[in-house]
Structure formats: structure tokens, C-alpha cells
1. What number, in nm² with one decimal, is the all-direction average of the projected area of the convex hull of the alpha-carbon atoms of the stretch 140-179?
2. I need the semi-axes of the equivalent ellipsoid of the stretch 57-155: take the C-alpha gyration tensor, multiply each eigenvalue by 5, square-root it, list largest first in whole angstrom.
3. Over the stretch 8-49, what lengths in whole Å, largest first, do the semi-axes of the equivalent ellipsoid take, defined as the square roots of 5 times the eigenvalues of the alpha-carbon gyration tensor?
4. Normalised by the residues of the chain, what does the relative contact order come to in percent, with Cα pairs under 8 Å and at least six apart?
5. Checking the table Lys91/Lys125; Lys91/Lys174; Lys15/Lys67; Lys15/Lys47; Lys15/Lys125 against a 19 Å threshold on Cα-Cα, which pairs fail?
6. Ignoring everything but the protein chains, give the 1.4 Å probe accessible area of Arg3 in square angstrom, nearest 10.
7. Kirkwood hydrodynamic radius for the chain: how many Å is it when counted over pairs of different Cα atoms?
8. In 10 Å bins starting at zero, report the fraction of Cα pairs in the stretch 131-276 per bin as a rounded %.
Amino acid sequence: MKRIVTVQDISCVGKCSLTVALPIISAMGVEAAILPTAVLSTHTAFKKGFTLHDLTGEISPITAHWKSEGIAFDAIYTGYLASFDQIDLVKGMASDFPDAMLFVDPAMGDNGKLYYGFDEAFAHKMAELCALADIIVPNMTEASFMLGIPYVSDGYDESYVKDVLLRLCALGAKRAVLTGVSLREHETGAMGYDSTTGEFFSYYHDRIPVSYHGTGDVFASACVGALMRGKSLHESISIAADFTYESIRLTEAEEGHNWYGVNFEQAIPVLVERIK
Ligand code: PXL
């Protein structure tokens, strides 16, 4: 069985980061080791009064112990990271575990805005981690901030997306996938570029005109899980996009649903069927 170590926070309530990655990766038949970077009462979109206990000081002792035990990983999957120090420590992990595929979700923002607490300098720091990655999966907002280009919400064409992908790989990432790409009003999806082969690929599905928290984490977790199950990156983005779509659809179908996460749990049977 393949083993992923995923490095991100635990937001106790508000489905995202580790509370999303763990169940999804496990359901896909892949071991999910974790390196929690912080414990928060809720994710930061709750804005008022959330608690945060930083675990940066634990990162080096934990990885040193793993190394002394000869523990290896097939992939390092990073999500929300909260500080420059955490990014530096994860960069160090990539050299400590050089055989692991480095899969980076630069979870920092959405809809043209960075999440609470982040600024442009942080986005540039995150670009340093992306530069080392085998695969990165930013959304259009995160890509724009990392590249220092204006965020364009719609009205762009495929050549614009290709240009953004080329620029992302020029940072150093081997393969880049842009999520939340909409070339037509009723469609959304992901487009990728593999700089090792020069190949572009994409996958689109119906667009549900809503925006939920944690969908990037759902997509990234399913994508890295599918890769570990031997799917190509192109297949993995289609599996992850369909799973994310289904999670949103099921959330919308629930009367009185909340705004702070999606019902990905109810879509897990669909996901498991896809990776058989
Ligand atoms: O879904 C990304 C995410 C993860 N973790 C925390 C967050 C967010 C987005 O706001 O606040 C703590």
C-alpha cells in the first residue's frame, strides 16, 4: 500500500485540510500519515474568535524521528501552511525525503482574494515551495498571487490558461494543474501542463454556481490519492473534479446545509467506484 504524508492544519470544525485529507486518502486505499501544523477551533473563514495553537516547533522533531526509524513516503502532500517558517520546514522535508513525490496545494485564497492572514509576500514564499514540486494544484487566485499577475475571474480563453500554466512551471514545478478554470459559462474544471512532456490536458464538467470552503482540499486529496493508485495525472484530475462536483451537488441537495464545508462524505462511494 502506498503511503502519503500530508502536512497541513487540523481545523476541528469546518471541513478542510486534515479532516478532509485523512478520510479521502484512506477511503482510496492509501495510507495517510499526517504532520499537523496547527490546531484551530475552526478554519479561518469563521473570522471571529477562532483559536489557533501553532505546532511549527513539532515539525523538525517529528521528521527527525521518522528518519531515524527509516520511515519512507511515496508522496508528501502539503496544503494550508500558515507561516514562512512552515514553508521553509516543508522545503527541508522535501530534501529529507527525496524519493517522495512532492505534491503542493498552495492553499492560500479563492475568488480573487487571499485568505485571512495572508499577503503577497506569503504568496511569493509559497511559490518557492511550488518551485520544488513534482505537481502543484493552485486555483486561479493562488496562481495569480504567486505569479504577481492580475486575477481574472472570467472572460479569459484557453491560451491565457496555457500561458499561466507555462509560467507556473517556469517557477520550477514539473507539472501544474490549475483548478476552477471556466472557459464557458456553464462549465468549470481543471487544466494541466506537464513540462517534462510538453503536454497540456484538461477536464471540464457542469458548473454549479456556488462557492464552498474546502473544495480545493477535497480536489487535492482525491487527486493525490488517485495518483497513488496508479492513475495518470489527467485521469486523476477528472476523478478529483467529478468527486468535488458530486460533493458540492450533495451539499446543495441538503436542506439547511451550512456554508463552511462540503458533504464530501456522501460522495465517497462514487470516488471509491472510480478508482477500482
Ligand atoms: O481550505 C483551506 C484552509 C485550510 N485550513 C485553514 C483555513 C483554510 C481556508 O481558509 O483557514 C485553517
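The values are calculated or read from the model by the stated rules, or taken from the named source; none is laboratory data. Note that the coordinates shown come from a computational prediction; the quantities given were computed from them, not determined experimentally. Virtual Cβ from ideal backbone geometry, glycine too; neighbours counted across all protein chains shown. These area figures cover heavy atoms from the full protein model, side chains too; ligands, DNA and RNA do not enter into them. Shrake-Rupley method; radii C 1.70, N 1.55, O 1.52, S 1.80 Å.
1. Mean orientational projected area (the stretch 140-179, Cα hull): 2.6 nm².
2. 28, 14, 9
3. So the three semi-axes of the stretch 8-49 are 22, 10, 5 Å.
4. Once divided by the residue count of the chain, the mean separation gives 16 percent.
5. Lys15/Lys67; Lys15/Lys125
6. Using a 1.4 Å probe on the heavy atoms, I get roughly 70 Å².
7. Evaluated on the chain, it is 18.5 Å.
8. Going from the shortest bin to the longest, the percentages are 11, 42, 35, 11, 1.
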